[in-house]
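So the structure is just underneath, and the comments pick up after that.
The values are calculated or read from the model by the stated rules, or taken from the named source; none is laboratory data. Values in this document were obtained by computation on a predicted structure and should not be read as measured data. Note that we place each Cβ from the backbone using ideal geometry, even for glycine, and neighbour counts take in every protein chain shown.
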Amino acid sequence: MNYEDAKVCSSCLEIYGFIYLKSGIFYQKCNSKCPVRDLKETMPITEKEQAKWEGYDYNQVLTLCYCCGAEQLRSGSRWSVWFCETCRKRVLEFNQEIGISLIPIGRHSLMNGIGLELGPVVSKIKIKETFDDLRQLGARIDRMDQWKKIGKSHNWLSTGLDPEQDISLIKYLCSVKGFSKEDAFLRLREFFLR
Ligand SMILES: [Zn+2]
Ligand SMILES: [Zn+2]
């Protein structure tokens, strides 16, 4: 994979631009709610209306770890994990400690321990519980969407990068290298416990 042409958007703090994979060249857009998503200089006009990429659940190749924001991760699948290895371990330990998946690790319900075991008899109570769990998971995923930007803003401000300028992904990753992942996790945890 080559992402030397990819950038981080200074508005939504997500990755966009050309990413070159063995399987093809992808123009990834930044956050779907970002106001300047379709206004990037590097975006070919043909990418304005993107069809869903074959083999992907979302048109996304790379994302930054939702906790530390300091590592790029493969994404684009419903099963993609939102955290780098170090942060994922911390999140899983925390969820285990409190006994629920308060901090979701990805979009799929099964990744967060929610699913109906389909035996010959599925009780109505169990179905209701599962639906309640799913609703709560949806709310936590929304919360994670809010967090994504807050967490990365912290990085962005700490690097002293120009808040108005998009920056190359490689340069961003170099700038945030060495930031404490533990501190990032503590901020994430506090946000979810609020
Ligand atoms: Zn953006
Ligand atoms: Zn991380």
Where a residue in region 1-16 is more than 13 Å from ligand 1 (Cβ to nearest atom) and its partner, wherever it lies, is assigned to a strand (DSSP E or B), with Cβ under 6 Å and at least six apart: M1/L21; N2/Y20; Y3/I19; D5/G17; D5/F18
When residues of region 119-145 are limited to those that are over 22 Å from I103 (Cα atoms) and surrounded by 12 or more Cβ atoms within 10 Å (Cβ to Cβ), the one nearest to the chain's Cα centre (by Cα): K126
Pairs, first assigned to a loop (DSSP other than H, G, I, E, B) in region 26-54, second within 16 Å of ligand 2 (Cβ to nearest atom), C-beta under 6 Å, six or more apart: C30/E14; N31/E14
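Conditions (1) more than 16 Å from ligand 2 (Cβ to nearest atom); (2) acidic (D, E); (3) in contact (Cβ under 8 Å) with a residue 60 or more places away in the chain, marked per residue:
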| residue | (1), (2), (3) |
| --- | --- |
| V122 | yes, no, no |
| R135 | yes, no, no |
| K152 | no, no, yes |
| L157 | yes, no, no |
| K171 | yes, no, no |
| F179 | no, no, yes |
| D183 | no, yes, no |
Some residue of region 66-84 being within 16 Å of ligand 2 (Cβ to nearest atom), at pLDDT 95 or above and surrounded by fewer than 16 Cβ atoms within 10 Å (Cβ to Cβ): yes
Region 71-91 residues that are free of Cβ contacts under 8 Å to residues at least 12 places away in the same chain, paired with ones that are hydroxyl-bearing (S, T, Y) (beta carbon under 6 Å, 6 or more apart): L73/T63
Residue within region 162-172 that is modelled with pLDDT of 90 or more, surrounded by 13 or more Cβ atoms within 10 Å (Cβ to Cβ) and over 22 Å from Y16 (Cβ atoms) present: no
Hey, S123 of a type in the set (G, A, S) and within 25 Å of W53 (Cα to Cα) or not: no
Selection from region 87-117 of residues that are within 15 Å of the chain's Cα centre (by Cα) and either within 14 Å of ligand 2 (Cβ to nearest atom) or of a type in the set (V, I, T) (or both): C87, R88, V91, I103, I105, G106
